[in-house]
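Worksheet: the structure to be examined is printed underneath.
The values are calculated or read from the model by the stated rules, or taken from the named source; none is laboratory data. As the structure is a computational prediction, the values presented were derived from the model and not from experiment. Note: accessible area is taken over every heavy atom of the protein model, side chains too, but ligands, DNA and RNA are not part of it. Shrake-Rupley method; radii C 1.70, N 1.55, O 1.52, S 1.80 Å.
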Amino acid sequence: MSKGKVVLLSLYVVLALLALAMPGTSAGVWSLRLLLLLAVVHAIEVAVFFKACKAAGGSLPLHLLNVFLFGVIHVQEIREAA
């Protein structure tokens, strides 16, 4: 797993913990908003990079999940592998 993926996973964990631990505070509210924004952006990336994932071979659902979680970081890895 690349450093970028580890950083993103760590960011998701921190944001989720803030959203769950402090739901009424501004930190909790903003962390939840950021998580929702990231989910929307990554969902758009899944649609944009669908053809690249399909052409990459291997498990399409796994590629799509990785694009949803990691976005262009995973797409760059797909392109480097090709």
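Structure values in brief
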{"item": "In degrees, nearest ten, helix 26-48 long axis to first principal axis of the chain (Cα)", "result": "10 degrees"}
{"item": "Extended-chain gain in nm, criterion 0.36 nm per residue less alpha-carbon gap, LEU60 and TYR12", "result": "15.0 nm"}
{"item": "Accessible surface of the chain, 1.4 Å probe, proportion on carbon and sulfur as whole %", "result": "76 percent"}
{"item": "Using alpha-carbon coordinates, inclination of helix 3-21 to the longest axis of the chain, degrees", "result": "30 degrees"}
{"item": "Alpha-carbon Debye profile of the chain, log10 I(q)/I(0) at 0.11, 0.12, 0.13, 0.15 Å⁻¹", "result": "-0.34, -0.40, -0.46, -0.58"}
{"item": "Gain upon complete extension [LYS3, LEU34; 0.36 nm per residue less C-alpha separation]", "result": "9.1 nm"}
{"item": "For the chain: accessible area per residue (Å², 1.4 Å)", "result": "66 Å²"}
